[in-house]
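Since the structure comes first, as structure tokens, the remarks are kept for the end.
The values are calculated or read from the model by the stated rules, or taken from the named source; none is laboratory data. Computed from a predicted structure; not experimentally measured. With ideal geometry, Cβ positions are generated from the backbone for all residues, glycine too; neighbour counts draw on all protein chains shown. Side chains are part of the model used for accessible areas, which takes the heavy atoms of the whole protein and leaves out ligands, DNA and RNA. Shrake-Rupley method; radii C 1.70, N 1.55, O 1.52, S 1.80 Å.
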Amino acid sequence: MYKRLSAVLLMMMLLTGCNSDQRILEKLGMVQTASYDLAENDQLKTTISVPVIDPESSERRHLLTAVTDSLKEARVQLSKQIDLRLVSGQLRSVLFGLNLAKEGLADHIDTLLRDPSIALGVQVAVVDGDAGKLLSKTFKPNKDTGTYVNHLLKKESSSNIIPPTTLYEFTREYHDDGIDPIAPMVKDEGDRAGISGIALFQDDRFVMKIPAKDGIIFALLQGDIKQGELSLNLGERNGRKVMVMFSSMMNKRKVSVQHIGDNRFKFTIAASIQGSVLEYTGHEDLTQSEKRHKLEGDVAEYIRDKAQEMVRQLQQNNVDSIGIGQYVRNSLTYKAWKSLDWRKAYPGVEVECRVKVTIKDYGKYM
């Protein structure tokens with residue numbers, strides 16, 4: 001008798017416990033996108049997008065905004081504006097306004113990482129302007145701007161136009177003393193949102209931007225790629241502009257470091273690129289190996305010059321976004337690296353870019 005009574009009481013306790021922990025979908029506000037901007041008096045403006053689950057509702061999302069002194073305080077204020085329980089387990093991307101990125105993102109990203117419900121794979125992007133305004137805008141026919149931007153970031157990163165940056169990757173590079181973090185940049189372009197470039201950071205502060213059109217050059221400097229496209233203007237020849245669309249690009253990158261004196265180094269990046277000529281407006285007959293090799297040399301020279309100019313800009317702004325410091329560090333002893341002021345030595349590193357291009361195919365009728 002007592003055993004049966006004990007079993008019944010135990011079942012009632014278990015059921016009660018389950019009931020208190022249950023999460024009814026209709027009562028949850030699942031944050032999918034969040035934006036953060038610098039507000040007046042150094043406060044933080046937080047905007048979140050919460051999808052509406054009810055299929056009969058004319059609204060597709062809830063937009064909530066709060067201006068507070070901290071990110072955690074913003075969560076408290078936002079939860080008071082909605083009759084749903086806000087949860088972050090479905091967060092897909094976080095957008096930081098440009099002014100906030102210039103001040104530094106480390107503290108804000110650290111706060112996000114401390115939330116166990118937020119995945120390390122959440123995408124990070126910088127908005128070229130006000131992130132909250134971008135997230136609040138509706139770009140037809142997309143009814144949810146957060147989802148639209150998230151898909152845009154994934155699509156463009158798959159073709160190496162921008163780097164796929166997550167909370168984990170940004171934090172890892174921020175804490176690595178041999179490389180600086182990067183993030184894709186998004187911009188409101190009127191009737192649509194677009195990728196405007198790549199944000200480069202010194203530590204956690206935004207310093208400069210690489211335009212989207214040069215994103216593939218940055219990808220070639222940064223490492224191996226398996227897919228990419230590049231449109232080249234090789235100038236005029238015989239009164240005609242020569243354009244080349246180089247597609248299906250694959251790159252194998254090799255690097256080397258030489259010590260050429262006290263705290264002076266030479267860094268060599270060798271890129272071996274293969275691809276297809278999708279479009280060619282020149283007069284040369286590419287079926288002839290001599291003419292084809294000439295075009296390969298022209299394309300290689302174009303990429304090399306662009307890469308060298310990009311490296312010069314990085315050094316002038318003292319941002320080591322391609323990780324030269326990692327290779328220098330690996331070539332030194334621990335003691336020698338720790339005694340080296342890398343920020344001071346980096347702008348003086350001699351960097352040489354070498355490019356070899358092979359045209360795999362050039363079309364049936366060229």
Q: Please identify the helices of the chain, taking whole runs of DSSP H, that span at least 27 Å along their own axis as judged from the Cα atoms and have a mean Kyte-Doolittle score of 0.5 or higher.
A: 2-21
**Q.** Antiparallel DSSP beta bridges within the stretch 103-234, percent to nearest 5
**A.** 90
Q. Summing -39500 (n - 2.57) over the DSSP H runs of n ≥ 4 in the chain and dividing by its residue number, what mean residue ellipticity at 222 nm do you reach, to the nearest 500 deg cm²/dmol?
A. -10000 deg cm²/dmol
Q | With all protein chains modelled, accessible area of MET30 [1.4 Å, Å²] | A | 40
Q: Please report, in debye to the nearest 20, how large the charge dipole of the chain is about its Cα centre when each Lys and Arg carries +1 at its beta carbon and each Asp and Glu carries -1 there.
A: 880
**Q.** Share of carbon and sulfur in the accessible heavy-atom surface of the chain [1.4 Å probe, %]
**A.** 49
Q) At a Förster distance of 25 Å, what's the computed FRET efficiency of GLN315 paired with LEU232, Cβ-Cβ distance as r, to 0.05? A) 0.55
Q. What ³J(HN,Hα) values, in whole Hz, does the Karplus curve 6.51 cos²θ - 1.76 cosθ + 1.60 give for the stretch 92-98 when θ = phi - 60°, with x put for Gly and Pro?
A. 10, 8, 10, 10, 10, x, 4
Q. How long are the semi-axes of the ellipsoid equivalent to the stretch 207-343, from square roots of 5 times the Cα gyration tensor eigenvalues, in whole Å, largest first?
A. 35, 15, 13
Q | Beta bridges per DSSP with both ends in the chain, % antiparallel, nearest 5 | A | 65
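Classify the chain from the C-alpha gyration tensor, please: rounded if a/c falls under 1.5, else prolate or oblate depending on whether a/b exceeds b/c. Mind dumping the intermediate values first?
Numbers: a/c = 2.23, a/b = 1.73, b/c = 1.29.
The shape class here is prolate.
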Q) What pairs from LYS213/LYS344; LYS45/LYS102; LYS155/LYS360; LYS155/LYS356; LYS187/LYS213 go past 22 Å between their alpha carbons? A) LYS213/LYS344; LYS155/LYS360; LYS155/LYS356
Q.
So if I place +1 on the C-beta of Lys and Arg and -1 on the C-beta of Asp and Glu, and nothing else carries charge, what would the dipole magnitude of the stretch 171-293 be about its Cα centre? I want it in debye, nearest 20.
A. 400
Q. Over the heavy atoms of VAL87, what accessible area does a 1.4 Å probe trace out, to the nearest 10 Å²?
A. 20
Q: Keeping every protein chain in place, order SER158, SER79, SER196 by accessible area at 1.4 Å, biggest value first, i.e. largest first.
A: SER158, SER79, SER196
Q) Of ASP320, ASP110, ASP214, which has the most accessible area and how do the rest follow, probe 1.4 Å? A) ASP110, ASP214, ASP320
Q. Can you list the aspartates and glutamates whose alpha carbon is less than 12 Å from that of LYS294, not counting same-chain residues fewer than 8 positions off?
A. GLU284, ASP285
Q) Per residue, how much accessible area does the chain have with a 1.4 Å probe, in Å²? A) 54
